[in-house]
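Contents: one structure, followed by commentary.
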């Protein structure tokens, strides 16, 4: 099962957080949001298709995320969990840890926002940049 979520860049994207990565429906961003890599997304956790939510909530599921921005492709691998509620109305968060909350879509991920190459982060700091997060549940 596959889903593509468009988002845009923002001048405040820092991509410094070592444990999480986030995209949000919100259009604004402050320096405190140092895990956020995209704003103005069309979809948050609560908007995911029900069949995808069921698969994400299976602890056996592996979830692949690809950020596509211009010529760049950045891949993250994570895992599902029965503890994921997927109820947040504006955010999607990937976590290296096993912590869950309404914003969490995957746990035990192999990368976070601080792992994104700096030349890709520079693109994400432009509000004109259009990106996509592709989610595949295996």
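Readers should treat all values here as calculations from the given coordinates under stated rules, not as data from a laboratory. As the structure is a prediction and not an experimental result, all values here were calculated from the model. With ideal geometry, Cβ positions are generated from the backbone for all residues, glycine too; neighbour counts draw on all protein chains shown.
Under a Gaussian network description of the chain, with springs only between Cα atoms under 10 Å, the residue in 34, 119, 110 that fluctuates furthest is 119.
Averaging Cα coordinates gives a centre for segment 104-138 and one for segment 74-102; these two points are 14 Å apart.
Taking the Cβ of each residue in 67, 16 as the centre, tally the other Cβ atoms inside 10 Å and list the residues starting with the fewest.
Details: 67 22, 16 13.
Sorted ascending by nearby Cβ count, the order is 16, 67.
Order by neighbour count: 87, 55, fewest other Cβ atoms within 10 Å first, most last. Write out the running numbers ahead of the final one.
Working: 87 12, 55 17.
Placing the least packed residue first, the sequence is 87, 55.
In this rough spin-label picture, where each label sits 7 Å from Cα along the Cβ direction, the residue 72-residue 126 distance is 1.1 nm. Label positions at residue 28 and residue 102, each projected 7 Å from the Cα along the C-beta direction, are separated by 2.0 nm. Across every direction, the projection of the convex hull enclosing the Cα atoms of the chain has a mean area of 6.8 nm².
If I model a spin label as a point 7 Å beyond the Cα along the Cα-Cβ vector, how far apart are those points for residue 16 and residue 136 in nm? Using points 7 Å along Cα→Cβ, the separation is 3.4 nm. When only Cα pairs below 8 angstrom with a gap of at least 6 residues are kept, the chain shows a relative contact order of 36 percent.
Taking a point 7 Å from the Cα of residue 1 along the Cα-to-Cβ direction, the residues of segment 105-138 with backbone N closer than 14 Å to it are 105-106, 135-138. Looking only at the chain, where both bridge partners belong to it, what percent of the DSSP beta bridges are antiparallel (to the nearest 5)? Rounded to the nearest five, the antiparallel share is 90 percent.
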